[in-house]
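*Asks:* Below you will find the structure I want to go over with you.
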Amino acid sequence: MKYFALLVLIVSISIGTNAGILLNDTPKNQAEAQIDELLKKAKLLRDSSYDASAEVGRRAIELAGKTEKADVIAFAHKSQGITFFYQGLFDSSYQHYIKAREEFESINDSLNVAILDSNIGIVYRRTNQYDKALQQYLKALDIYEELENQKGIAGAYTNIGGLYQTLNDIDKALKFYIKAKNIYAKIGETQRYSRVLTNIGVIKFEKELYNESLEYQLEALRLNKMDGMLQHKAIIQLNIGECYQALEKPLKALEYFNKCEDIRLQLNDIWGLGKLYIKKAIVLQKLEQYKNAEAYFQKAEIFCQEQGLSEDLATTYHHYSKLLESIDKPKESIAYFKKFYILKDSLNAIINENLLAEVTAKFETEQKKKEFELLQQRTQIQNLELGQKNAWIIVLVVVMILGIVAVMVSLRINRLRADHKIMDLRQKVLLTQMNPHFLFNSLTAIQSFILDEKNDDANNYLSRLASLVRGILENSREEFVSLRTELRTLEDYIGLQKLRFENDIAYQFEVDASLDQDEIMVPPMLAQPFVENALIHGKLRSNPNACINIKVTKTEDEKSIKFSIIDNGIGIDKAKSQPNQKQHKSLATSIALDRVKIYNFKSSKKMNFEIIDLFKLDQKLKGTKVSYSIPIIT
């Protein structure tokens, strides 16, 4: 459920301020009055039909162009941009916002320039360009603060909070939401107060406080009935449905999802329909209405592909794969999970967080610069007043030096945090490299079974592979898993390899009985590459007495656990001397060694690693022993 909470729409605030209405205090000629009426009509039509609203807006823009008045043209484009935004046509919305901003800027209308900066930022956020979104929000906030416009300041706080919530920094998000909430309560903005309650409710949901989240959403729905928009009402109903789903009340959840769907179909709300289809499919699956659930997953897939909603499409693949597995369709389940994994990798390749960190650092530096300039001005004033009082001058210089040192230390800490995040990302990349390597070999084995007409073996292998691949992919997103999970994954992997090879490979797990396998955490899939090397490069598949022994024990100081993978293959030295191995460097071993280096870089407790050819210990022995120790983490 928590995974889905991140997909709940966080309502943006700065969209609607005088969005479609011209300045009523200004005398108008007949053409301007007609344009004013068209913009009012376009705004009202957003609650019934976006297409009709857009058509009225197009007529208003055409008439506004004939007036050659910047403010009239600006308001017409601004209104059309809002309509396209609500319809989910973000490129069109962006073009109209840019045109409106240019016109407002030409007549020095700072308030509407700030509103357009916010709206452009919201478009960037919806299209996952988070660094550009933050730039726009901060530009708008600067203008609102200069104008002392409380409503605008609160809107900027809400947008910045929404951005941090999208990036999963919910503590920062909540801080900005509460600031906005207090301002809206003070100035009596009921509709916007309702929207902030919606956002806070989403944060409560993400913290798994489902009853509190439901209370916020129901209060937001009550306020929305007074003067709120239909689209916001649909969002609240979607959130309420999710709360009931988390509280194990699927029928109530379906009731609110259906209400939400009715409104979104009425409004032709493209952006929201894909998410809604996914959520309805999950509830229907929970109610064991599998055919209806499958139909909604298929609708979501087609819809998201047509609209280019990549994140929603990845979510569809993930949950549809789970449904197919539950109804005993392993082949189709693997196909969809593979689609999910490929699409998720492509999305993750676009890393906006680093860019966002740069923009945030730039903003903080500018703030410190302003503070420093202010300190310099105060120092000059004090110097004039104090004259020859050298003692005060010395104190001020010391304060300035300490401030500079503090800034330098702060920048150094931020750099170290950035390096730490980069290492985390590299760790995830290394983990994902291993999965295609293993998956290719497994799919080749299935192909071999099929070509040999061993259909029962192929089906058995495919079913076990579906379970194993899911476990590997899910574990690869975690930095640590329980010891029991790691050993179970290893056992499943060896079992699959036994099906591939004609000889019976014996294996044995020896685990210290004093170890709590559910509490002790270890890096996932660290032992698997060496088991694979034993099977492939150690030639165990051609050894009739092949045996792998995996031992897990405590070290003498009882501060670490020791993994030992021992095989009776040809030995690592002899394997390296094989003709086809001289130019080959084991990808699996390289990945494992890099992961050990990354772990040791991040942690004060180091991981030790050793590979030994058993022939060097005793010339009567053959095989390889791989040992590594992991600090005990619970």
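The values are calculated or read from the model by the stated rules, or taken from the named source; none is laboratory data. Keep in mind that what you see is a predicted model, and the values were worked out from it rather than measured. Every residue, glycine as well, gets a Cβ built from its backbone with ideal geometry; the counts of neighbours run over all protein chains shown. Heavy atoms of the whole protein, side chains included, go into the accessibility calculation; ligands, DNA and RNA do not. Shrake-Rupley method; radii C 1.70, N 1.55, O 1.52, S 1.80 Å.
*Asks:* Of the conditions (1) more than 20 Å from the chain's Cα centre (by Cα); (2) over 22 Å from Asp269 (Cα atoms), Ser194 fails just one. Which one is it?
*Replies:* Among (1) more than 20 Å from the chain's Cα centre (by Cα); (2) over 22 Å from Asp269 (Cα atoms), Ser194 violates only (2).
*Asks:* Can I ask one more? Hey, can you tell me all the residues within the range 194-214 that are out of contact with any Cys (no Cβ under 9 Å at 6 or more places or on another chain) and either acidic (Asp, Glu) or more than 22 Å from Ala154 (Cβ to Cβ) (or both)?
*Replies:* Scanning the range 194-214 gives Glu206, Lys207, Glu208, Leu209, Glu212.
*Asks:* It is to be established whether one or more residues within the range 224-245 are free of Cβ contacts under 8 Å to residues at least 40 places away in the same chain and either touching a His at 6+ places or on another chain (Cβ under 7 Å) or outside any helix (DSSP H, G or I) (or both).
*Replies:* yes
*Asks:* Further question: Looking at (1) closer than 23 Å to Arg126 by Cα; (2) part of a helix (DSSP H, G or I); (3) modelled with pLDDT under 65, which is the one condition that is false for Glu366?
*Replies:* Glu366 satisfies all of (1) closer than 23 Å to Arg126 by Cα; (2) part of a helix (DSSP H, G or I); (3) modelled with pLDDT under 65 except (1).
*Asks:* Further question on the same structure: If you go through the range 298-316 one residue at a time, how many are in contact with a helix residue (DSSP H, G or I) (Cβ under 6 Å, 6 or more places away or on another chain) and farther than 14 Å from Leu343 by Cβ?
*Replies:* Residues in the range 298-316 being in contact with a helix residue (DSSP H, G or I) (Cβ under 6 Å, 6 or more places away or on another chain) and farther than 14 Å from Leu343 by Cβ: 3 in total.
*Asks:* Same structure again: With the condition kept exactly as written, say whether any residue in the range 117-126 is within 31 Å of the chain's Cα centre (by Cα), without any contact (Cβ under 8 Å) to a residue 24 or more places away in the chain and part of a helix (DSSP H, G or I).
*Replies:* So far as the range 117-126 goes, yes, one or more of its residues are within 31 Å of the chain's Cα centre (by Cα), without any contact (Cβ under 8 Å) to a residue 24 or more places away in the chain and part of a helix (DSSP H, G or I).
*Asks:* Looking at the range 186-230, which of the residues that are open to solvent by 50 Å² or more (accessible area, probe 1.4 Å) and among the aliphatic types (A, V, I, L, M) is modelled with the lowest pLDDT?
*Replies:* My answer is Met226.
*Asks:* Determine whether the range 310-325 contains at least one residue that is closer than 27 Å to Asp47 by Cα and among the β-branched types (Val, Ile, Thr).
*Replies:* no
*Asks:* Can you confirm whether the range 443-462 contains a residue that is modelled with pLDDT under 85, loosely packed, with under 14 Cβ neighbours inside 10 Å and among the hydroxyl-bearing types (Ser, Thr, Tyr)?
*Replies:* yes
*Asks:* Right, here's the next one. Pairs needed: first member in the range 315-341, open to solvent by less than 40 Å² (accessible area, probe 1.4 Å); second member anywhere, of a type in the set (Asp, Glu); C-beta distance under 6 Å; at least 6 residues apart or different chains.
*Replies:* Qualifying pairs under 6 Å: Thr316/Glu301; Leu324/Glu332; Ser333/Glu325.
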